[in-house]
Amino acid sequence: MQRIRIRYAKRGPLRFTSHRDFARAFERALRRAAVPIAFSQGFTPHPKISYASAAPTGVGSEAEYLEIGLQTETDPEQLRVALDAALSPGLDVLEAVRAGEGSLADRIDASRWRIELPGIDPETARAAVAAFLAAPEVLVERMTKQGRRSFDARAAVNGCMVEQEPDLPSEAGGVPCAIIDLVVRQVIPAVRPDDVLSGLRVVADLEPPVPPRVTRLAQGLLTAQGEIVDPLEADREGVGFGGR
């Protein structure tokens, strides 16, 4: 069985696609593209697809990953093009590579996020971020499958800063927009960007007047220098295949 690892994006209105909806759309795309997907054994076989740390519904992403198993050898770039054409615009297949050794999940322990806060002055956001980082812990609450839980949103944050010169169309007409660059480690329970925003509300009463726009920029292994290593880097042969 050949294994292929795929990076895809959720853009524009398609960021509101839930993980379950994407999984259904992806399986339909596999059928439309006539991909020779492998299936599990047993009474109810399932396509061999494994997802890695899907972004929350309503959040955009440039770095979602999955792995599929194929019955026959297939060129990764041809597969990428076929799947990209079979999915709706906004669910974009960016890259496909032959899987190397090890597990894809073992190569991901952190994410980098971009949080746009329309209506918030960067200096105000900078003061809130400083208060958040200075706190030994920041307790927030979130509804989970086990009910409402309280947990520390600060401990998982490896880096959080406000960009110096945000370049956004939303700033046209003098409307301020703070941009937060956030790096969060994967922990249990998971700390999401909205949890960090809740933490900023707790420590500094930061309340955006309109809903923030959140995009995941990267996933991978977090280095000691705070950089995130692309999980497909070890799988590429020379230059990786590019997408749109």
Neighbours by Cβ (under 8 Å, 6+ apart or cross-chain): first from the stretch 200-226, over 22 Å from Arg15 (Cα atoms); second among the acidic types (Asp, Glu) and open to solvent by 50 Å² or more (accessible area, probe 1.4 Å): Arg201/Glu207; Leu221/Asp109; Leu222/Asp109
Condition met for Val140 (under 17 Å from Leu182 (Cβ atoms), outside any loop (DSSP other than H, G, I, E, B) and in contact with a strand residue (DSSP E or B) (Cβ under 6 Å, 6 or more places away or on another chain)): no
Top-ranked residue in the stretch 42-63 [being hydroxyl-bearing (Ser, Thr, Tyr) and part of a strand (DSSP E or B); ranked as farthest from Arg20 (Cα to Cα)]: Ser61
Filter result for Gly220 (of a type outside the set (Val, Ile, Thr), assigned to a strand (DSSP E or B) and within 15 Å of Ser111 (Cα to Cα)): yes
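Yes/no per residue for (1) of a type in the set (A, V, I, L, M); (2) over 24 Å from Pro212 (Cα atoms); (3) in contact with a Pro (Cβ under 7 Å, 6 or more places away or on another chain):
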position	(1), (2), (3)
Asp92	no, no, no
Ala96	yes, yes, yes
Ala99	yes, yes, no
Ile108	yes, yes, yes
Ser111	no, no, no
Glu116	no, no, yes
Glu123	no, no, no
Asp152	no, no, no
In the stretch 109-130, residue nearest to the chain's Cα centre (by Cα) [restricted to those that are surrounded by fewer than 21 Cβ atoms within 10 Å (Cβ to Cβ) and either within 19 Å of Ser53 (Cα to Cα) or of a type in the set (Phe, Trp, Tyr) (or both)]: Arg114
Residue among Pro47, Pro76, Pro36 that alone is without any contact (Cβ under 8 Å) to a residue 24 or more places away in the chain and either open to solvent by less than 70 Å² (accessible area, probe 1.4 Å) or over 30 Å from Glu116 (Cα atoms) (or both): Pro47
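Let's see how each residue does on (1) modelled with pLDDT of 95 or more; (2) surrounded by fewer than 18 Cβ atoms within 10 Å (Cβ to Cβ); (3) under 20 Å from Ser61 (Cβ atoms):
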site: Ser150; (1), (2), (3): no, yes, no
site: Met161; (1), (2), (3): yes, yes, no
site: Ile180; (1), (2), (3): yes, no, yes
site: Leu197; (1), (2), (3): yes, no, yes
site: Val214; (1), (2), (3): yes, no, yes
Whichever residue in the stretch 216-244 is at pLDDT 95 or above and open to solvent by less than 30 Å² (accessible area, probe 1.4 Å) and, among such residues, is nearest to Ala128 (Cα to Cα): Arg216
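Tell me which residues, restricted to the stretch 92-120, are hydroxyl-bearing (Ser, Thr, Tyr) and part of a loop (DSSP other than H, G, I, E, B). Before you say what the answer is, go through the steps one by one.
Here is the first cut: in the stretch 92-120, the ones hydroxyl-bearing (Ser, Thr, Tyr) are 103, 111.
Residue satisfying the conditions is Ser103 alone.
The values are calculated or read from the model by the stated rules, or taken from the named source; none is laboratory data. The structure displayed is predicted, hence computed values, not measured ones. Don't worry about glycine lacking a Cβ; one is built from the backbone with ideal geometry, like all the others, and counts go over all protein chains shown. Quick note on the areas: whole protein, heavy atoms, side chains included, nothing else; ligands and nucleic acids left out. Shrake-Rupley method; radii C 1.70, N 1.55, O 1.52, S 1.80 Å.
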